[in-house]
1. Tell me which residues, restricted to the range 124-165, are at positive phi and either touching a Phe, Trp or Tyr at 6+ places or on another chain (Cβ under 8 Å) or modelled with pLDDT of 90 or more (or both).
2. With the requirement that a residue be touching a helix residue (DSSP H, G or I) at 6+ places or on another chain (Cβ under 6 Å) and either touching a residue at least 60 places away in the same chain (Cβ under 8 Å) or under 17 Å from GLY25 (Cβ atoms) (or both), what does the range 142-164 give you?
3. Tell me which residues, restricted to the range 9-52, are modelled with pLDDT of 70 or more, within 20 Å of the chain's Cα centre (by Cα) and surrounded by fewer than 13 Cβ atoms within 10 Å (Cβ to Cβ).
4. I need the helices (runs of 4 or more DSSP H) fully contained in the range 66-142, keeping only those with at least 1 residues that are loosely packed, with under 14 Cβ neighbours inside 10 Å.
5. Within the range 106-118, identify whether any single residue is closer than 17 Å to TYR28 by Cβ, in contact (Cβ under 8 Å) with a residue 12 or more places away in the chain and within 22 Å of the chain's Cα centre (by Cα), and answer yes or no.
6. If you go through the range 88-116 one residue at a time, how many are modelled with pLDDT of 90 or more and touching a Leu at 6+ places or on another chain (Cβ under 8 Å)?
Amino acid sequence: MPTTRQPGARAERVAERRARADYTGGVYGSMLATSVIIGAGTLGSFPRLELVLLLLLTGVAFWVAHVHAQLFGARLAQRSLDRRIVLHVCRDEWPIVKAAVPPAAAVAVSPLLGLDVQGALWLALGVAVAGQVGWSAAAARRADASWHLVAATAAVNLLLGLLIISFKLFLKH
């Protein structure tokens, strides 16, 4: 006889999944996007399109690398793989890709804002660093950290983002 689900069971599963959410991939993906933007100083004939694609494809490549590392590193040593585990790891690492989308979107809409390519790069940098700060603050809040700890992790991630940007400024001069 099939069991009937309790009305709140789905909500409980969603709440549990959110409680276990790991935003490390989002922070990492935002730092990765910042690094890609910094390294994209010499783009070809279509610099905006190339940067959008570079951001998204790099995010996907690093997502695949992280999924692979999780599945064939720690996971394989613990238990055999099945479809559920693979999908779980893919979902857990997806924030790496999600973090590349806002900077890529910023580059894509930059012509509508009247920005040249350099302006688009700076806009994307700002969006990537803001994402890094946002992901870290969201992670701290999800972990029920105090507001002081949320502010501290946001500040540390802002400093890390600014450090990466300072590399661009230092190396350019």
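The values are calculated or read from the model by the stated rules, or taken from the named source; none is laboratory data. Small disclaimer: the values here were computed from a predicted structure and weren't measured. Every residue, glycine among them, receives a Cβ derived from its backbone with ideal geometry; neighbour counts consider all protein chains shown.
1. Going through the range 124-165, the residues at positive phi turn out to be 144.
If the condition is that a residue be at positive phi and either touching a Phe, Trp or Tyr at 6+ places or on another chain (Cβ under 8 Å) or modelled with pLDDT of 90 or more (or both), then no residue fits.
2. In the first step, residues of the range 142-164 are kept if they are touching a helix residue (DSSP H, G or I) at 6+ places or on another chain (Cβ under 6 Å); the result is 149-150, 153-154, 157-158, 161, 164.
Once the filter is applied, which keeps residues that are touching a helix residue (DSSP H, G or I) at 6+ places or on another chain (Cβ under 6 Å) and either touching a residue at least 60 places away in the same chain (Cβ under 8 Å) or under 17 Å from GLY25 (Cβ atoms) (or both), the range 142-164 yields THR153, ASN157, GLY161, ILE164.
3. Matches in the range 9-52: GLY39 only.
4. Numbers: elements: 83-93, 95-98, 101-109, 117-142.
Filter on the range 66-142 gives 83-93, 101-109, 117-142.
5. There is no residue in the range 106-118 that is closer than 17 Å to TYR28 by Cβ, in contact (Cβ under 8 Å) with a residue 12 or more places away in the chain and within 22 Å of the chain's Cα centre (by Cα).
6. Residues that pass the stated criteria total 12.
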